C-alpha cells in the first residue's frame, strides 16, 4: 500500500470567502457547452488525490462533468478519471468531487470541467488534496468526521431489485425530477475492467460491502440504502430514485463525498 506521511491540500485560485454575501455569489466559472474550463495541475506520481469543489448554476438540472486527464513526459494521455453530477435546483450550491490514483509515469495533468447546458455557472473552494493513506491518518480522518457529524455514510446502495435492471459500463442514478445524482462516465481502463463504476449483487453481503469500505486498513462500511422507483429505457442500466431519496444523498455528501470514489452498489435480480 502506498503511504504518504503528510496530507497536502492545495487551494488553486478559488478560496472560501469570509463574507457570506461573497460566498453566496461565488466566482464566475467561464464555462459554455462549446468552451470547457481547463487548468493544468501538477500531481505526484503513484499517489492518490481528491479533487473537490462547490458549483452552482442558474439552469435547472444542469449537468457538470469533471475530468482529470494525465499525461506522460511525451505528452501522451496515459489515464483519465471522470464523474458527472447534476446541479438540480437553480442557485443551489452542490459539492462535486472525484478521487483517483496517479500513474508512476505521470508528468502533468489537466483538470477539465464541461457542460452541455448553456447558462451561468459559479464555483467556490476548488481543492486538490494529496491523500495520506497511512493507517494512522485514515483512522484520524474518520474519528474527526464521526466526532463532527455523528453518522457518516461511506457509500451508496441502490436497491433496484424487481425492476429488471441490467449491468452496464456507465450506469447512472437520476432523481424523479430529472437531476443526475451519479454518473461516473470514465475511470482508468484498469479500473473499469477490474472494478467497474458500480458493484452488483443480489444481496448486501459482507463481500459486497467491501466496495464501500473506507480502506482495507480501516474497513468501515456504512451504506446509505435507497430504493429505485424506476429504470431508464431502453438500456435498463440506469435507475430513477425518488426526490426524497435524492435529497438524502445530497445531505450525506455534505459530510463525506463517497460518490467521488465511485462507492456505489446496485442490488439487482
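All but one of (1) within 19 Å of residue 127 (Cα to Cα); (2) at pLDDT 95 or above hold for residue 83; which doesn't?
Just one mismatch for residue 83, condition (2).
Every residue in segment 89-105 that is within 25 Å of residue 169 (Cβ to Cβ) and outside any strand (DSSP E or B), please.
Within segment 89-105, 102, 103 qualify.
Can you name every residue in segment 26-51 that is touching a residue at least 24 places away in the same chain (Cβ under 8 Å) and assigned to a strand (DSSP E or B)?
The answer is 27, 28, 32, 37, 38, 39, 40, 41, 48, 49, 50, 51.
From (1) touching a residue at least 40 places away in the same chain (Cβ under 8 Å); (2) in contact with a strand residue (DSSP E or B) (Cβ under 6 Å, 6 or more places away or on another chain); (3) more than 13 Å from residue 121 (Cα to Cα), pick out the condition that doesn't hold for residue 54.
Against the list (1) touching a residue at least 40 places away in the same chain (Cβ under 8 Å); (2) in contact with a strand residue (DSSP E or B) (Cβ under 6 Å, 6 or more places away or on another chain); (3) more than 13 Å from residue 121 (Cα to Cα), residue 54 comes up short only on (3).
If residue 78 satisfies all but one of (1) assigned to a strand (DSSP E or B); (2) touching a residue at least 40 places away in the same chain (Cβ under 8 Å), what's the number of the condition it fails?
The one condition residue 78 does not meet is (2).
Among (1) surrounded by 15 or more Cβ atoms within 10 Å (Cβ to Cβ); (2) modelled with pLDDT of 95 or more; (3) within 17 Å of residue 94 (Cα to Cα); (4) not assigned by TED's automatic domain parsing to the domain that holds residue 230, which single condition is residue 175 missing?
Every listed condition holds for residue 175 apart from (4).
Which of the residues belonging to segment 220-258 are in contact (Cβ under 8 Å) with a residue 24 or more places away in the chain and part of a loop (DSSP other than H, G, I, E, B)?
Within segment 220-258, 220, 221, 222, 232, 235, 236, 237, 238, 242, 256, 257 qualify.
In segment 242-269, what count of residues is obtained for those that are under 24 Å from residue 202 (Cβ atoms) and more than 18 Å from the chain's Cα centre (by Cα)?
4
Working carefully through the options 159, 117, 72, 101, find the one that is at pLDDT 95 or above and within 24 Å of residue 215 (Cα to Cα).
159
The values are calculated or read from the model by the stated rules, or taken from the named source; none is laboratory data. None of these values were measured; they are calculated from a predicted model. Cβ atoms come from the backbone with ideal geometry, glycine included; neighbour counts cover every protein chain shown.
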